[in-house]
Amino acid sequence: MKSRLLKIKKFLRQFFKLNDSPHNIAAGFALGVFLGIIPGGVLTALVLATILRVNRASATAGVLATNMWGTIAIMPFAALIGGFLFDTTPSYLTEQFDNTYHLGIRYFFSNVIFFDLALPLLTGFLVAASAISLIAYFTLYSLLKYGKITQK
């Protein structure tokens, strides 16, 4: 029993190690930031970080750093970007979102709501989350590679 616990402990320590290259740590964090803004969650970050072979601990930290509030804080930017790309106003998108989000999932896939509201907002969220995660990647990578942050 004790050896089994030690194996589990060793596995968890290895699974969440930060002793990794600056690229893998920064890429994991950027992935987590992206998934925190586009609601993906910790489990999705862990699975994708494992598949992409980036640092799982930094991916988890990125999700936790942006989870919940990230989506709310990015909403105006997503509406601005989506409105620009789909030739509508951000105020129309946010107003329509406020008027329809309580209707439930069955109305989400109606033509009007999906194409006029959801698609521009989702596109705006994807573009904004991509830009923010790229900024997070390059900032953390620079700090790890050239800054005073040490990895132990």
Can ALA49 be described as at pLDDT below 90 and either closer than 18 Å to SER130 by Cβ or in a helix (DSSP H, G or I) (or both)?
no
Checked pairs for segment 111-127, first more than 16 Å from PHE77 (Cβ to Cβ), second part of a helix (DSSP H, G or I) and modelled with pLDDT of 75 or more, C-beta under 7 Å and 6 or more apart or across chains, list as LEU117/LEU93; LEU117/GLN96
Here the residues within segment 32-46 that are touching a Ser or Thr at 6+ places or on another chain (Cβ under 7 Å) and either touching a residue at least 60 places away in the same chain (Cβ under 8 Å) or assigned to a helix (DSSP H, G or I) (or both) are GLY32, VAL33, PHE34, LEU35, GLY36, ILE37, VAL42, ALA45, LEU46
Does ASP116 meet the test of being farther than 30 Å from ALA26 by Cβ, at pLDDT 80 or above and of a type outside the set (Ser, Thr, Tyr)?
no
Which listed residue is assigned to a helix (DSSP H, G or I), at pLDDT below 90, closer than 29 Å to LEU31 by Cα and under 13 Å from the mean Cα position of the chain (by Cα), from ALA59, ALA65, ALA78:
ALA65
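The values are calculated or read from the model by the stated rules, or taken from the named source; none is laboratory data. As the structure is a prediction and not an experimental result, all values here were calculated from the model. Note: ideal-geometry Cβ built from the backbone for every residue, glycine included; neighbour counts use all protein chains shown.
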